[in-house]
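Peer 1: Below is one structure. I have some questions about it.
Nothing in this text is a laboratory measurement; each read-out follows from the coordinates by a stated rule. Remember, predicted model here, so these are calculated numbers, not experimental data. Every residue, glycine as well, gets a Cβ built from its backbone with ideal geometry; the counts of neighbours run over all protein chains shown.
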Amino acid sequence: MRLTLTGNYCVAYAVKLARVRVVSAYPITPQTTIVEKISEMVDEGEADIKMIRVESEHSALSAVYGAASAGVRSFTATSSHGLLYMHEMVWWVAQARIPLVMAVVTRTIGPPWNIWTDHHDIMGQRDTGWLIAMAENNQEVLDETIKLFKITEDPDVFLPGMIGLDAFVLSHTVEPVEVPDQDVVDSFLPERRQPYVIRAGDPLIMGNIPSDLVRNARMRWDVHLGLRNAETVIERVDQEWGKLTGRYHGGLTECYRCEDSKYIMMGIGSWVGDMRIAVDSLRDEGYPVGLLKIRYVRPFPVRRVYETVKGSKGVVVFDRSISAGSAGPLFLDVASHVQAMRLGIPVKNVVAGLAGVDVGYRDFELIVRRFVEEVEREGWVREFLEFYSGR
Amino acid sequence: MPLTIRELPREKYVLPGHAACPGCPEAMGLRYVGMALGRRAILVIPAGCTSIIQGLSPGSGLAFPIINVAFASSDAVAAGASAAKEVLGEDAIVVVWAGDGATSDIGFATLSGAAERGDNIIHICVDNEAYMNTGIQRSSQTPRGAWTTTTWRGKAEPKKNMPLIMLSHGVPYVATASVAYPLDFIEKLRKAATIRGFKYIHLHAPCPVGWRFDPSETVEIARLAIETGMWVLFEAERGRVAISPPSRPYVDKSRRKPIVEYLKRQGRFRNITEELVKELEREVDEYWSILIKLSSQ
Ligand SMILES: Cc1ncc(C[n+]2csc(CCOP(=O)(O)OP(=O)(O)O)c2C)c(N)n1
Ligand code: SF4
């Protein structure tokens, strides 16, 4: 069925199609319309979901964690300050290895109060053990949300996952979207699987103090391994989805004109759409530029990055957030892996679009043109980190 | 017919290998929860002494299914678990077992939210009147005048009255209990388990370590709290307050022991002034008159 939907409504449709049984959330702009839509579906009898309308985000994630631990598919959504308020539980859910899915409408963190998009909220969750997917458009929001239920509930993974969608650019902007039929999704998603279920009469204890710290340390490392396993699972599940719907999104990454390129741009989220336009026009001008869209920040697509950038002459990574005092978080991942693989390629970081500042294809063209010229001339970049606040 | 000891089940839920201190009121309370709810219970436990009492993993000294959770999260986790069991059609009584800190300080908003929504859970506040797990710091339920490691000269403020606060939420069941009166506690738990919606039980739990008394005296101290009127056992179904049998004699003020008999047995009140004792007496009288008024309505 082809519908015209906002990104937030895409999330709501995905949740319904995935036959989620418990949803809990707390209002925050611009996440709110996700939960409003789900509530409407429940009230209209279109979805069999139990809603827990909690008093805070800390409780929202706690409630879906309780429901998921007790054995049902569960979902929550938040944004910005809501995600920060949840942070303690974000860790808890992952370390307890409880699969569930959360939509994060990426929004600036205050002060000052600001509802426009940047990626500080979601990038601040990188170390928690969650899968973190970022969508470029509304179709991807819908597809990836459905897929995340399958990926997170895979026994090789058993970890929670977030789908990030940019505030307003996706959350409140309508696009034509192909919504799969219920029987298609039913044939794709198996029954809920999870590592353990808390049940009355079964004295299973989750989380008491460890007698063996080495064992505890292994549990930590195992979360890392679960995320590494997710690399394979994400690829496999995306291919299955592609066969079923004709929409394969590329697994962990998507390459746009990088096969015969010498310079690679990288980014996450909705502005990748503008990057595509920039690649086309730069190509027309004769710049051999390609684009690697990072679809999953966690697990970080180490192999894909390696395969894409080896043999290239330079990489420019766009971050919509900064790890203050260091550099952009996406860059830190890319640069450290490029260095570990001894690729010896200049990697530049451009931090832009913070606090919702608009960045369009003309900006990308300008930045990349300058980067290519500098590397051609000097063989390297003088300033690896650039704060770009407009033309 | 009142419950008698003979009728209690023999299965044990607090096993060798638990790590409670000698004379621990929380371990006692957990035993009674097992006797009352048995295999139907799922426990949700935030940070606190019971995080330790469970013993070391893998393995445990408690025979309940337990989800250990972050300090401020327990009622929300329990709400989710209870909702899931309903969706799945499984029988379970989801119980939050939380200290006074987890209940009335850091977890207060979470508790209040669950109560207001009417989530189908039982919240037990096991009240040892301080943060014991982190080394006897004050909580909002530490009584006026009590020494803690963050109130060296005695706490200046009065104890937050959680039972009345929960009563004001209009929930279907609120009760107080004491580790000195296990049958009363067990009966209240069993009654709570038959009621749909949010149930609150506040269990008074004298802690030898934090209150400074001999571990053999836990029950005695708990009983003195009742006999002096410092702690009152009551239950309220749909807001109707009824003083419970162990506290009934003390409706009559003349039958209450002087509160100093309770205070002087505890090192934490060693430096309390006469003035503060008077203040505490006044507060006890005031609380009783509120309860008597509520119970005669
Ligand atoms: C967010 C957070 N802050 C602080 C702590 C440290 N902490 C653990 S238990 C505890 C006190 C618990 O007191 P209470 O709830 O009264 O239970 P008790 O230990 O007395 O049983 C504190 C402060 C924590 N675990 N989490
Ligand atoms: S400090 Fe008190 S409440 Fe905590 S385990 Fe020891 S006796 Fe029990």
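Peer 1: Whole number please: convex hull volume per residue of the Cα set in the protein assembly as shown, in Å³? Please list the in-between numbers first.
Peer 2: Details: hull volume 114.8 nm³, N = 688.
Enclosed volume per residue, from the Cα hull, is 167 Å³.
Peer 1: What are the DSSP H helices in chain A that stretch 30 Å or more along their long axis, judged by alpha-carbon atoms, and whose average Kyte-Doolittle hydropathy comes to at least -1.0? Don't skip to the answer; put the middle values down first.
Peer 2: Working: long enough: A:213-245 (46 Å, -0.59).
Passing helices, by number: A:213-245.
Peer 1: 5 Å is the cut-off here: which amide hydrogens, built 1.01 Å from N in the peptide plane, fall below it relative to B:GLN137, excluding neighbours closer than 5 in sequence?
Peer 2: Here the answer is B:TYR131, B:THR149, since their amide H atoms fall under 5 Å of that of B:GLN137.
Peer 1: Taking the Cα centre of each part, how many Å lie between segment B:183-257 and segment A:318-345?
Peer 2: What the calculation gives is 60 Å, centre to centre.
Peer 1: Kindly write out, for segment B:155-166 in residue order, the coupling ³J(HN,Hα) from the Karplus curve 6.51 cos²θ - 1.76 cosθ + 1.60 (θ = phi - 60°), rounded to whole Hz, with x marking Gly and Pro.
Peer 2: Values per residue, Gly and Pro as x: 5, 7, 9, x, 5, 5, 8, 5, x, 5, 4, 6 Hz.
Peer 1: Turning to a different aspect of this structure: Going by amide H atoms built from the backbone, whose H comes under 5 Å of the H on A:LYS348, apart from near neighbours?
Peer 2: Hits under the 5 Å cutoff: A:VAL315, A:VAL316, A:VAL317.
Peer 1: Another question, then. Under the classification rounded if a/c is under 1.5, otherwise prolate if a/b is larger than b/c and oblate if not, where does segment A:88-218 fall, given a ≥ b ≥ c as square roots of the Cα gyration tensor eigenvalues?
Peer 2: On the way: a/c = 2.84, a/b = 1.35, b/c = 2.10.
Judged from the Cα gyration tensor, segment A:88-218 comes out oblate (a/c at least 1.5, b/c at or above a/b).
Peer 1: Starting from segment B:1-110, pick out the trypsin sites (Lys or Arg not before Pro) whose DSSP state is loop and whose Cβ has at most 10 other Cβ atoms within 10 Å. The partial results should precede the final answer.
Peer 2: Working: sites: B:ARG6, B:ARG10, B:LYS12, B:ARG31, B:ARG39, B:ARG40, B:LYS85; in loops: B:ARG10, B:LYS12.
Answer by residue number: B:ARG10.
Peer 1: Once you've got the GNM for chain B with C-alpha springs shorter than 10 Å, pick whichever of B:CYS21, B:CYS207, B:CYS49 has the biggest mean-square fluctuation.
Peer 2: Highest fluctuation of the listed residues: B:CYS21.
Peer 1: Then there is this: Can you tell me what share of the DSSP beta bridges in the protein assembly as shown is antiparallel? A percent to the nearest 5 is fine. Walk me through the numbers before you get to the answer.
Peer 2: Values: 20 of 86 bridges.
Taking every DSSP beta bridge with both residues in the protein assembly as shown, the antiparallel ones total about 25 percent.
Peer 1: Once phi is turned into ³J(HN,Hα) by the Karplus curve 6.51 cos²θ - 1.76 cosθ + 1.60 with θ = phi - 60°, what whole-Hz value does each residue of segment B:133-142 show in order, with x for glycine and proline?
Peer 2: 4, 9, x, 6, 8, 4, 10, 5, 9, 5
Peer 1: Given the pairs A:LYS50/B:LYS188; B:LYS253/B:LYS293; B:LYS160/B:LYS293; A:LYS37/A:LYS147; A:LYS50/B:LYS199; A:LYS150/A:LYS243, which are separated by over 22 angstrom at their Cα positions?
Peer 2: On the way: A:LYS50/B:LYS188 29 Å; B:LYS253/B:LYS293 14 Å; B:LYS160/B:LYS293 20 Å; A:LYS37/A:LYS147 20 Å; A:LYS50/B:LYS199 20 Å; A:LYS150/A:LYS243 15 Å.
Exceeds cut-off: A:LYS50/B:LYS188.
Peer 1: Can you classify segment A:253-388 as rounded, prolate or oblate using the Cα gyration tensor, where a ≥ b ≥ c are the square roots of its eigenvalues, rounded means a/c under 1.5, and otherwise it's prolate if a/b beats b/c and oblate if not?
Peer 2: Numbers: a/c = 1.18, a/b = 1.02, b/c = 1.16.
It is rounded, given that a/c, with a ≥ b ≥ c, falls under 1.5.
Peer 1: Picking from B:LEU88, B:ASN120, B:ASN161, whose Cα lies most toward the positive end of the charge dipole for chain B (charges on Cβ: Lys, Arg +1; Asp, Glu -1)?
Peer 2: B:ASN161
Peer 1: Scan around B:SER244 for amide H atoms under 5 Å from its own, H built in the peptide plane at 1.01 Å from N, and keep only partners 5 or more places away or cross-chain.
Peer 2: Here the answer is B:LEU233, B:PHE234, B:GLU235, since their amide H atoms fall under 5 Å of that of B:SER244.
Peer 1: Moving to a separate point now. What number results when the radius of gyration of chain B, computed over Cα atoms, is divided by 2.2 N^0.38 Å? Kindly include the intermediate steps, with their values, before the conclusion.
Peer 2: Working: Rg = 18.1 Å, N = 297, 2.2 N^0.38 = 19.1 Å.
That ratio works out to 0.94.
Peer 1: For chain B, with a Gaussian network of springs between Cα atoms less than 10 Å apart, report the residue from B:ILE243, B:ILE124, B:ILE67 with the top mean-square fluctuation.
Peer 2: B:ILE67
Peer 1: Moving on. Once each part is reduced to its C-alpha centroid, what is the distance from segment A:141-209 to segment B:98-112 in angstrom?
Peer 2: Using only Cα atoms, the two centres lie 31 Å from each other.
Peer 1: Quick one, what does Rg over Rh come out to for segment A:2-245 if you take C-alpha atoms and the Kirkwood Rh? List each step's numbers first, then the result.
Peer 2: Numbers: Rg = 17.1 Å, Rh = 18.0 Å.
Ratio of gyration radius to Kirkwood radius for segment A:2-245: 0.95.
Peer 1: On to the next question. State the Cα centre-to-centre distance between segment B:1-53 and segment A:222-295 in whole Å.
Peer 2: Their Cα centres are 55 Å away from one another.
Peer 1: Most mobile of A:ARG215, A:ARG126, A:ARG236 per a Gaussian network model of chain A (Cα springs, under 10 Å)?
Peer 2: Comparing A:ARG215, A:ARG126, A:ARG236 in a Gaussian network model of chain A, the most mobile one is A:ARG215.
Peer 1: Given contacts defined as C-alpha pairs under 8 Å and at least six residues apart, what's the relative contact order of chain A, whole-number percent? Before the final figure, lay out the partial values.
Peer 2: Working: 806 pairs, mean separation 61.5, N = 391.
Relative contact order of chain A: 16 percent.
Peer 1: Can you run phi through the Karplus equation (6.51, -1.76, 1.60; θ = phi - 60°) for segment B:260-272 and list ³J(HN,Hα) in whole Hz, with x for Gly and Pro?
Peer 2: My calculation for segment B:260-272 gives 4, 4, 6, 5, 5, 7, 10, x, 5, 9, 3, 9, 5 Hz in order.
Peer 1: Could you give the size of the charge dipole of segment B:193-297 about its Cα centre, using +1 on the Cβ of each K and R and -1 on the Cβ of each D and E, expressed in debye and rounded to the nearest 20? Intermediate values should be presented prior to the final figure.
Peer 2: On the way: 18 positive and 15 negative charges, 65 e Å.
That gives segment B:193-297 a dipole magnitude of about 320 debye.
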